[in-house]
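Novice: After the structure tokens below, expect a handful of questions from me.
The values are calculated or read from the model by the stated rules, or taken from the named source; none is laboratory data. Bear in mind that the values here come from a model prediction, so they are computed numbers and not experimental data. Backbone-built Cβ (ideal geometry, glycine too); neighbour counts: all protein chains shown. SASA here: full protein model, heavy atoms, side chains in, ligands and nucleic acids out. Shrake-Rupley method; radii C 1.70, N 1.55, O 1.52, S 1.80 Å.
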Amino acid sequence: MLNLDLDSLWQYIIESFSKSLNPASYKAWFGPAEPVQYIDQTLIVNVPTPLHRDYWTQKLNGQISDLIQEVSGEKITVLAKLPSDPNPLANSESVTTPKKVSVAENNNSSSFLKETQLNDRYTFDTFVVGKGNQLAHAAALAVAEEPGVFYNPLFFYGGVGLGKTHLMHAIGHQMLENRPDAKVKYVTSESFANDFISSIQTKRQEEFRREYRSVDLLLVDDIQFFADKVGTQEEFFHTFNALYDDKKQIVLSSDRLPNEIPKLQQRLVSRFKWGLSVDITPPDFETRIAILRNKAEAEHVSIPDDTLSYIAGQIDSNIRELEGALMRVEAFSSMTRTPISTSLAAEALKNLKVSGKSSKLTIPIIQDKVAKYYHVTIADLKGKKRVKSIVIPRQIAMYLSRELTDASLPKIGNEFGGKDHTTVIHAHEKIAEALHTDTTLQKEVNELRAELQD
Ligand SMILES: Nc1ncnc2c1ncn2[C@@H]1O[C@H](COP(=O)(O)OP(=O)(O)OP(=O)(O)O)[C@@H](O)[C@H]1O
């Protein structure tokens with residue numbers, strides 16, 4: 001764990017946010033903020049107005065806490081308060097968690113009227129093309145150049161943190177560059193659902209429809225979260241049809257194919273298949289190095305080649321985690337005032353193992369333990385038999401492989417007799433859900449976990 005003091009912590013926070021936020025936002029939210037105290041992993045920050053306090057409470061506190069956890073493994077709590085509010089740390093040793101501040105007035109009920117929020121960093125220029133994303137990249141460029149013509153809708157699917165959002169934003173940026181007056185809208189499926197619900201509550205459905213149906217490009221991220229939302233799906237169906245009929249471009253993303261999303265209406269599934277579905281798979285070693293090199297250059301950090309290779313060798317499945325590892329190494333170097341080297345990187349990333357993932361634990365070891373525990377064979381775990389006495393152990397073995405190793409979904413699928421990554425997602429979800437209620441399963445999985453982590 002790193003020893004953080006108020007000054008270095010604050011310095012690190014403002015440096016990070018000055019890079020990730022656009023200059024106007026950074027100035028608005030951080031300019032007037034003042035760090036007050038950092039005790040017991042709680043950071044108190046004074047901000048000038050209730051609106052600032054609400055914004056910090058809703059958005060920034062969590063983001064800062066995530067950032068610090070990512071780079072140091074330390075879970076901190078951030079509290080934003082007005083200078084006139086009492087300091088919760090002043091009189092007590094125990095840390096009080098902030099009351100949820102109502103943001104009814106600030107959280108503009110017509111959030112669907114907000115301007116497009118495209119992340120400046122997610123452009124084609126900053127996207128590294130490799131084997132796993134080549135097709136997705138080409139399709140993205142094609143629709144950015146000729147929206148509504150080639151592939152409508154364009155549907156990206158694949159594992160977490162592999163660049164789906166990045167490509168969607170890049171399409172938006174490119175289209176705006178070609179046609180500055182184009183109306184581009186990026187939302188997650190959850191924001192779409194929230195906008196829709198709040199439009200009903202505020203009786204502004206007409207406005208909602210006008211807004212969503214008048215865009216030139218609609219980008220909807222993570223549509224697997226439409227599962228279960230019947231009313232939202234209904235509304236989205238009409239939005240989709242209106243845009244499609246007008247030859248407006250629609251781009252969607254999900255962690256799996258449309259027909260694998262549970263409870264997604266058939267008519268949406270069939271529409272989503274009208275265009276082109278492309279998957280994004282994890283980057284190979286060379287691409288991971290190229291991504292790290294680009295990122296380091298963008299941040300003006302110099303890192304020896306062997307250190308880049310070392311980091312690229314540590315994380316193979318998720319680019320967000322790969323970038324997180326690089327950030328962690330950078331932070332470790334700046335906080336310990338030591339230049340970046342491979343041994344420093346090893347030291348910095350060693351602490352990452354707090355997540356419980358062990359580099360020594362492999363999928364075959366997990367399969368072996370699970371097979372013995374349930375008196376089945378390893379061939380059963382890798383096979384296709386659908387009897388319950390085999391299916392459950394197989395799903396448990398996949399679940400534990402996902403939880404306890406850093407292996408990517410496709411890799412896990414491969415090790416289980418060449419199954420698809422969505423089978424692994426499904427197994428993981430199934431077991432995770434059953435663990436909420438099934439006490440026998442809880443006991444068995446806990447025993448296995450304990451044996452494996454011994
Ligand atoms: N090919 C790439 N080149 C450069 N950076 C990349 C590339 N792919 C992904 N990244 C970066 O990795 C991070 C995660 O990517 P992104 O958020 O687009 O993933 P995602 O597939 O949308 O994940 P999720 O399923 O969690 O929504 C981002 O910071 C993004 O810029």
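Novice: Inspect all residues belonging to region 213-223 and state whether any of them is more than 25 Å from the chain's Cα centre (by Cα), in a loop (DSSP other than H, G, I, E, B), crowded, with 19+ Cβ neighbours inside 10 Å and not basic (Lys, Arg).
Specialist: Checking region 213-223: at least one residue is more than 25 Å from the chain's Cα centre (by Cα), in a loop (DSSP other than H, G, I, E, B), crowded, with 19+ Cβ neighbours inside 10 Å and not basic (Lys, Arg).
Novice: Among (1) modelled with pLDDT of 95 or more; (2) away from the ligand (no atom under 16 Å from the Cβ); (3) within 18 Å of Phe150 (Cα to Cα), there is one condition Ser253 misses while meeting the rest; what is its number?
Specialist: Condition not satisfied by Ser253: (2).
Novice: Do any helices (runs of 4 or more DSSP H) entirely within region 42-158 hold 3 or more residues that are over 21 Å from Leu252 (Cα atoms) and at pLDDT 80 or above, and if so, which?
Specialist: Fully inside region 42-158 and qualifying: 61-72.
Novice: If a residue must be closer than 17 Å to Ile366 by Cβ and open to solvent by 20 Å² or more (accessible area, probe 1.4 Å), how many such residues does region 431-445 contain?
Specialist: Looking only at that region, the number is 3.
Novice: One residue is enough: does region 222-244 have a residue meeting the conditions closer than 20 Å to Val184 by Cα, modelled with pLDDT under 95, of a type in the set (Asp, Glu) and within 12 Å of the ligand (Cβ to nearest atom)?
Specialist: Yes.
Novice: Next up: Starting from residues that are acidic (Asp, Glu) and in contact (Cβ under 8 Å) with a residue 24 or more places away in the chain, keep the ones in region 289-336 and report whichever is nearest to Ile13 (Cα to Cα).
Specialist: Across region 289-336, the extreme among qualifying residues is Glu330.
Novice: How many of the residues in region 117-148 are more than 11 Å from the ligand (Cβ to nearest atom) and free of Cβ contacts under 8 Å to residues at least 24 places away in the same chain?
Specialist: Qualifying residue count, region 117-148: 3.
Novice: In region 299-328, how many are part of a helix (DSSP H, G or I), open to solvent by 10 Å² or more (accessible area, probe 1.4 Å) and among the aliphatic types (A, V, I, L, M)?
Specialist: Looking only at that region, the number is 2.
Novice: For Ser309, which of the numbered conditions (1) in contact with a strand residue (DSSP E or B) (Cβ under 7 Å, 6 or more places away or on another chain); (2) at pLDDT below 95 fails to hold?
Specialist: The single condition Ser309 does not satisfy is (1).
Novice: Which members of region 162-174 meet the condition of being open to solvent by less than 10 Å² (accessible area, probe 1.4 Å) and not in a helix (DSSP H, G or I)?
Specialist: Hit for region 162-174 is Leu162, nothing else.
Novice: Would you be able to say whether some residue in region 184-199 is more than 16 Å from the ligand (Cβ to nearest atom), outside the structural domain of Gly324 (by the TED database) and farther than 17 Å from Gln233 by Cα?
Specialist: Scanning region 184-199 turns up at least one residue that is more than 16 Å from the ligand (Cβ to nearest atom), outside the structural domain of Gly324 (by the TED database) and farther than 17 Å from Gln233 by Cα.
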